[in-house]
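Just below is one structure, and these are the notes that go with it.
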Amino acid sequence: MSEIKEIINELKNIHDGNAWHGSSLKDALDGIKAEQAAVRPLKQAHSIWEIVAHIEGWEDVFLRRLEGQGTSEPETGDFPVPAEQSEKAWKEMLQKLKNTHRELLNVVEKLPDSVLETKIAGKDYSYRFLLRETVNHKVYHSGQIALLKKAFL
């Protein structure tokens, strides 16, 4: 199996498959209502909603970088606070996360292994580094969400 295919499998499993580290992101988010997602059980920590928006925003940045665009930060900010905290807005956030994940997979699926050592445009790191850190980023924040969710059980 090519390295790109391995990375794609990791991204899929971490998002909504059989993740090696525990619950997939989808499973961790399952059953969380808007009210719960917006709460900060720890005053100095981000809410689940903010973490989801952070994951989505940075995955969008990562896919833009893979496409050769010089995107530096998410348009909505690093950990954006939702303007509206309704069930409808929460469902829209989850759908946006799902759509960005699919778009990222579509971009990665088009990459050949030969690009892995190539530097990302305007950055001092390679495609391999960015792809591996994309996986690590999602694992890290999935764990945060799983831990915060326990505050509601």
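The values are calculated or read from the model by the stated rules, or taken from the named source; none is laboratory data. Just so you know, these numbers come straight off a predicted model, no measurement behind them. Here Cβ is always computed from backbone atoms with ideal geometry, including for glycine, and neighbour counts include all displayed protein chains.
Scanning the range 144-153 for residues that are of a type outside the set (Lys, Arg) and surrounded by fewer than 16 Cβ atoms within 10 Å (Cβ to Cβ) yields LEU147, ALA151, PHE152, LEU153. Any residue at all in the range 109-127 that is under 15 Å from the mean Cα position of the chain (by Cα), part of a helix (DSSP H, G or I) and at pLDDT 95 or above? Scanning the range 109-127, I find no residue that is under 15 Å from the mean Cα position of the chain (by Cα), part of a helix (DSSP H, G or I) and at pLDDT 95 or above, so the answer is no.
Listed by first and then second residue, the pairs linking a residue in the range 58-76 that is more than 22 Å from VAL139 (Cβ to Cβ) to a residue that is hydrophobic (A, V, I, L, M, F, W, C) and part of a loop (DSSP other than H, G, I, E, B), with Cβ atoms under 7 Å apart and 6 or more places separating them unless they lie on different chains, are GLY68/ALA121; GLY70/ALA121. Figure legend. Inter-residue proximity from the range 101-127: first residues within 25 Å of SER142 (Cβ to Cβ), second residues modelled with pLDDT of 95 or more and outside any helix (DSSP H, G or I), beta-carbon distance below 6 Å, spacing 6+ or different chains. Indicated pairs: SER126/GLU117; SER126/LYS119; TYR127/LEU116; TYR127/THR118. Every condition in (1) assigned to a loop (DSSP other than H, G, I, E, B); (2) under 17 Å from HIS137 (Cα atoms) holds for MET1 except the one numbered (2).
Apart from one condition, ALA89 fits all of (1) modelled with pLDDT of 95 or more; (2) under 14 Å from the mean Cα position of the chain (by Cα); the exception is (2). When we screen VAL61, VAL81 for residues that are in a helix (DSSP H, G or I), surrounded by 12 or more Cβ atoms within 10 Å (Cβ to Cβ) and under 17 Å from the mean Cα position of the chain (by Cα), the only hit is VAL61. Residue count for the range 16-51 satisfying the condition of being surrounded by 14 or more Cβ atoms within 10 Å (Cβ to Cβ) and either of a type in the set (Lys, Arg) or closer than 17 Å to ASN136 by Cβ (or both): 9. The residue that is nearest to VAL81 (Cα to Cα), among those in the range 1-15 that are in contact (Cβ under 8 Å) with a residue 12 or more places away in the chain and loosely packed, with under 15 Cβ neighbours inside 10 Å, is GLU3. Residues in the range 106-129 that are touching a Phe, Trp or Tyr at 6+ places or on another chain (Cβ under 6 Å) and of a type outside the set (S, T, N, Q) were compared, and the one that is farthest from HIS15 (Cα to Cα) is VAL115. Within the set GLN69, GLN85, the sole residue that is closer than 24 Å to PRO41 by Cβ and either out of contact with any helix residue (DSSP H, G or I) (no Cβ under 8 Å at 6 or more places or on another chain) or not acidic (Asp, Glu) (or both) turns out to be GLN85.
Checked against the criteria, ARG102 counts as within 13 Å of ASP60 (Cα to Cα), part of a helix (DSSP H, G or I), basic (Lys, Arg) and within 14 Å of the chain's Cα centre (by Cα).
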